[in-house]
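Each value in this text was obtained by applying a stated rule to the coordinates, not by laboratory testing. In this text, all values refer to a predicted model and were calculated from it rather than measured experimentally. Virtual Cβ from ideal backbone geometry, glycine too; neighbours counted across all protein chains shown.
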Amino acid sequence: MQEGSRFGPYQILKRIAYGGMAEIHLAKTTGIGGFEKLLALKVIHPKFSEDQEFIDMLIDEAKIAVQLSHVNVGQIFDLGRIDDTYYIAMEFIDGKDLYQLLVRCSELDIDIPFDVIAYIGLETAAGLQYAHTKSDNYGRPLDLIHRDISPQNILISYDGEVKIVDFGIAKASQRSRETESGVIKGKFFYMSPEQAWGDQIDARTDIFSTGICLYEMITGEMLYNEEKALVLLDRVRKAEIPPMRKKRPDLPPALEQVVLKALAREREHRYASAGALQGALSGFLYGNWPSFSRRRVAEFMLQVFGDQRFVLPLPPTRDEDKSGLMAVADFDPMAGKSVIFDLRSLDQTPAARP
């Protein structure tokens, strides 16, 4: 798709990610009186239009996610098909994913502050608690489990918002196809032990994965780093957690206890719900930083990445519009920016900064 072109009701501004199954475009929709809204458009490659299993998975993802409306969950606006091309219109989140934050902090040799870690964790848990307990429009429980909580699927905006994205492999009661018993789905590095065994899972699986993200924010290192799949799988099943204090001697004991409970090998020893994890992190955060606000996260993002907020070019004046000096085709709305909407179907390697 060309920048400035139309795709149904959407105007394409810039391609921001590309993968084997889909590409993501920054787009906008316009209306009367100068109304316009930025969004991320996930466009599926046409060759997959005849793959019914893939299309069923895509529709499942959209049908589940469109029912979720929460400040900590990336929103889905629309699912459609134009000619032979399927697409999903999603909330545009101007920021970075947690993976990119971890990588950049490593490059700068700085630690993520404990208050920021707790906030990212509790906001993630809040989104999960909402998803885990959500019912559909008919009052039927969705029984939703994300199954793929990882740094790539936790987005942090430049305003300090935290949002979970990508319910592509989520387990839900309304899926058209259920995962067969013993089939493992998810990223090995962020799996719970029961997930790695192929056992039945519940909401506590997402709690364990959130615990891994907390561990990595504290230590700056991955919990598991084996390259061989079988060795990695064995480590995940054992869930042996190296001491975090080796990397952060100043780790507050209260935060350490929260993370270790989330990472308990036996799910019965973890928090019973994401809401309970949220409450524990909230108690730690506001017990130590009573005046904490989201602005603190925004300031840390600015410290780490600089000012990379996306800004549309100003609309042309009447004279400029007549002269053609500001033709849409000449717009470069992504110049100097790096906006990633990292989904499971895309390459998870962060894009190079322009």
Starting from the Cα of ASP84, step 7 Å along the direction of its Cβ; do the same at ILE241; then give the gap between the two resulting points in nm.
5.1
Taking a crude spin-label model, label points 7 Å out from Cα along the C-beta direction, the PHE188 to ILE110 distance in nm is 3.4
Kindly state, to the nearest 0.05, the FRET efficiency for ALA276 paired with MET222, given R0 = 25 Å and r defined as their beta-carbon distance.
0.45
Only Lys, Arg, Asp and Glu count, each charged at its Cβ (+1, +1, -1, -1), so figure out the dipole size of segment 96-299 about its Cα centre, rounded to 20 debye.
220
Per residue of segment 20-33, what does 6.51 cos²θ - 1.76 cosθ + 1.60 with θ = phi - 60° give for ³J(HN,Hα)? Whole Hz please, x for Gly and Pro, Karplus curve as stated.
x, 9, 7, 10, 10, 10, 7, 9, 9, 10, 10, x, 5, x
Hey, got a sec? Which GluC sites (Glu not before Pro) in segment 183-240 land in a DSSP loop and have at most 15 other Cβ atoms within 10 Å?
GLU221, GLU226, GLU227, GLU240
Listed peptides 246-254, 267-275 by packing density, highest first (mean Cβ within 10 Å):
267-275, 246-254
Relative contact order of segment 96-299: what whole-number percent is it, with Cα pairs under 8 angstrom and at least 6 residues apart?
26
So if I take the centroid of the Cα atoms in segment 16-56 and the same for segment 123-153, what is the distance between those two points in Å?
23
Distance in nm between VAL311 and PHE35 label points, each 7 Å along Cα→Cβ, equals 2.7
Which one of GLN67, PRO46, SER106 has its Cα pushed farthest toward the positive end of the charge dipole of segment 5-108, where Lys and Arg give +1 and Asp and Glu give -1 at the Cβ?
SER106
